[in-house]
Structures are given as C-alpha cells and as structure tokens.
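*Asks:* Encoded as structure tokens, here's the structure I'll be asking about.
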Amino acid sequence: MKKLTLTTFVLTITLILASCSPQGQNYYKNSSDAIEAFQKNIKDVDTHSIKSKNETTVNFQDKKTQLKQNSYGRTNHHDKLAFNVEQSSNTKQFNTQNKSVFINSNEIQSSPKTKYLNYRAQNAEIDYYQKIGQDWFDLTTFNQSLLKPIEDDISINENTLSYEGTNSVMKYLYQLGFNQSPLVDQKSLSNINDLKIKKGKFNLTFQEDKTLPKKLTFDIVATGKIKNETINIHMKQTTQFYKFNNTDVQPYKNLTDNHYK
C-alpha cells in the first residue's frame, strides 16, 4: 500500500513538473522557429474574430486632435465579413461615425443604411470593405509583411515576439492601424504622403496552446505630408484575436437593430 502511494506521489510530481517546463508550454527555440510555426498554423484557420482599440493623436495645422476607434470583426476568410466600428474625436472639426457592416458574397448590409445610385456604386463599396477586410484579417500577409522580413531582429520571450525600430515593415503596421482608426474616414487626413516612421515598437503574443496570435500591441510615431504641410502622428493600438475556427460570421446586433441609423 505504501509502495502504491509513493508511486502515485512521484507520478503526480512528474506531471506537475512537465506542465511547468518549457516542453509543456508553447515556447520556441528562437523567433524564426515561432514565425515558421505561425505560418504553418495559419493554413488551418477557417474563421476568426478580432477586436481592437486604436488611439491616434495628430498634430496638423497647429491643431492637436485625438481620435479613437473600437473595432470588432468576424470573417470566414472566404465570402463573409462583419465589422462593427465605434469612433470618437475630441473636436467637432473631424466628424466621426459609428457603423456596422455585413458582407455576404456580393451582398451588403449596413447601419446606417446606405442608398446607392446604382449597382456600380454598391459594388464599389463592397470592394472597398473587402479590401479593408483583407487588411484586418489576412494572417498570411501579416506574417510575410511584418514578421518574416525582420525575424533576425525580433526578440522572443516565451510566447511573445517583440521588436523596436524603424524598419520599413513598420509602415505595414501603421497601415493596419490606419484602417482600424478614424483616419481612414477623414477626407482631410486620409491622403497622407511621404510617410516616415520616427519611432516604433510592437509585441505579439501567441495563444498558449497553438501558434496563432492572441494579442498585438504597437506604438508608432510618424510624420507625413498633406499638400506639402507636415503632419505628426502618434498611433497606439491593442488588438485581440480569438475564436479561431469557432466564429459564427453573422451581422452584429447593432446592424440587425439598425442602431446607428
């Protein structure tokens, strides 16, 4: 009986140590190992959801403006996209608008509801949101455009990748944030040229059980030109990824209730 009890005790301790060791966790030899595992796991993703919080401060024409956006999205990576966007600004100069959009193949629903002059106008809006959806959800492009080019410069701590610098890949990350910020809807601020990254950093944490993104945070300071006038931009964003292969891609309730009419 004592021998059985001792054996059980040893087995229990062994299992606890195994679960606490690196072999029992989703740890990697180096950043290249993590990025390669990420690329392999992307192939098995059929659906997923995201939610992000973007805070962007712009200094332009001697005025400082703070813009905020909470974004929610769902996709099946094929023909269905759902967006829900909540925006705010600290000035009436830049009007912000909440909206909810659902695309199913070549059909679109939205709140506020949109009236189109003809089917070409409707198709143009569908094309626009499909492009936005690609920017929001395409994990292959995310890996190839952001991580892969700087894999030797990325540090890794357990299951989190980190980078700080001004490599050109940060322009991709800026564009990702741009499309999840009120900037994309501001006529006077959306056409920024000669963009230069002055400072940038990001952290990407993977899921505990699989090499798929869990949380992305980034902080970017940039400058650009609008009609030869300098604009200074400070963008911060946190994005959470979840419900991989477990997302029901349906319209958000704000759309079905036409909450933003």
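The values are calculated or read from the model by the stated rules, or taken from the named source; none is laboratory data. Just so it is clear, the structure is predicted and the values come from calculations on it, not from any experiment. A quick note on method: Cβ atoms are made from the backbone with ideal geometry, for glycine too, and the neighbour counts reach across all protein chains shown. What goes into the accessible areas is simple: the full protein's heavy atoms, side chains included, and nothing from ligands, DNA or RNA. Shrake-Rupley method; radii C 1.70, N 1.55, O 1.52, S 1.80 Å.
*Asks:* Do any strands (runs of 3 or more DSSP E) lying entirely in segment 65-114 carry at least 1 residues that are within 15 Å of the chain's Cα centre (by Cα), and which ones are they?
*Replies:* Ranges flagged: 80-89.
*Asks:* Got a sec? Which strands (runs of 3 or more DSSP E) wholly within segment 182-261 have at least 3 residues that are touching a strand residue (DSSP E or B) at 6+ places or on another chain (Cβ under 8 Å) and of a type in the set (Ser, Thr, Tyr)?
*Replies:* Result: 229-242.
*Asks:* Also, I was wondering about something else. Would you pick out the residues in segment 221-253 that are among the polar types (S, T, N, Q) and either open to solvent by 80 Å² or more (accessible area, probe 1.4 Å) or under 21 Å from the mean Cα position of the chain (by Cα) (or both)?
*Replies:* Listed by number, the residues that qualify are 228, 237, 238, 239, 240, 245, 246, 247, 250.
*Asks:* Could you run through segment 90-134 and say how many residues are of a type outside the set (A, V, I, L, M, F, W, C), within 17 Å of residue 177 (Cβ to Cβ) and open to solvent by less than 40 Å² (accessible area, probe 1.4 Å)?
*Replies:* Summing the residues that are of a type outside the set (A, V, I, L, M, F, W, C), within 17 Å of residue 177 (Cβ to Cβ) and open to solvent by less than 40 Å² (accessible area, probe 1.4 Å) in segment 90-134 gives 1.
*Asks:* So, in segment 142-160, exactly how many residues are surrounded by fewer than 17 Cβ atoms within 10 Å (Cβ to Cβ), part of a strand (DSSP E or B) and in contact (Cβ under 8 Å) with a residue 40 or more places away in the chain?
*Replies:* 2
*Asks:* Can you go through 69, 130, 122, 134 and tell me which one is of a type in the set (S, T, N, Q) and either modelled with pLDDT of 95 or more or under 30 Å from residue 230 (Cβ atoms) (or both)?
*Replies:* After applying the criteria, what remains is 69.
*Asks:* While we're here: Find the residue count for segment 87-112, including only residues that are among the charged types (D, E, K, R) and either modelled with pLDDT under 90 or touching a Ser or Thr at 6+ places or on another chain (Cβ under 9 Å) (or both).
*Replies:* Number satisfying all stated conditions: 2.
*Asks:* Tell me which of these residue 177 doesn't satisfy, since it passes every other one: (1) open to solvent by 30 Å² or more (accessible area, probe 1.4 Å); (2) within 18 Å of residue 144 (Cα to Cα).
*Replies:* Here residue 177 meets the rest and fails (1).
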